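What follows is a short report on a single structure.
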Amino acid sequence: MLKTSNQWLVAAFLIGFFAVGLGYWPIPYSKLSLPDSLYGLGVIVVGGAAALTRALSDNRFWRTVLVTSAAVPGAVCARVIFDAWRDPTSHNLWPFEILIALVMGLAVTVLGALLGSLFRRLFRGRETQGYV
């Protein structure tokens, strides 16, 4: 277990941000549909990053959830900023886009962090019993 738990959070956020973004950013604006455009490997990676961060670091449950889940709306926000810079008439409903991404990110990371908490409990129990 690493003692630098903040590094786990930064890594989880960045991995999630780029995992979601690399699947979401190339989609043409005319084909975007939230939350459908976010489904895929990116959100699975975000959940996995939350699980690993929770299982392998000393971060609290909600801190892990909040920081890791911010990667999903962060990737959507980056797309909104870039598209609006190119065409100011795009993303007229951007607050709803961010809200949808936030809810999706929270749902995935809560599940991931719960799974990570379960693994943490199982393996910490074995460590104290001398099995590992």
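Rounded to a whole number of µm²/s, how large is the Stokes-Einstein D of the chain at 37 °C and 0.692 mPa s, given Rh as the Kirkwood radius over C-alpha pairs?
So the translational diffusion coefficient is about 214 µm²/s.
Determine the sum of side-chain charges near Ala113: Lys and Arg each +1, Asp and Glu each -1, restricted to other residues whose C-beta is under 11 angstrom from that of Ala113.
+4
Output the relative contact order of the chain, whole-number percent, from Cα pairs under 8 angstrom with separation of 6+ residues.
Rounded, it is 32 percent for the chain.
How many percent of the accessible area of the chain is carbon or sulfur, using a 1.4 Å probe?
Here carbon and sulfur together make up 70 percent of the probe-accessible area.
What ranking do 38-50, 83-95, 66-78 get when scored by the average of other Cβ atoms within 10 Å per residue, highest first?
On the way: 38-50: 21.1, 83-95: 12.1, 66-78: 23.6.
Output ranking for 38-50, 83-95, 66-78: 66-78, 38-50, 83-95.
Counting only helical runs of four or more DSSP H residues, what would the 222 nm mean residue ellipticity of the chain come to if each run contributes -39,500 (n - 2.57) and the total is spread over all its residues?
Mean residue ellipticity, 222 nm, calculated: -25000 deg cm²/dmol.
The values are calculated or read from the model by the stated rules, or taken from the named source; none is laboratory data. Model, not experiment: these values are computed from the prediction. For neighbour counting, all protein chains shown are included, and Cβ atoms are generated from backbone atoms with ideal geometry for every residue, glycine included. Side chains are part of the model used for accessible areas, which takes the heavy atoms of the whole protein and leaves out ligands, DNA and RNA. Shrake-Rupley method; radii C 1.70, N 1.55, O 1.52, S 1.80 Å.
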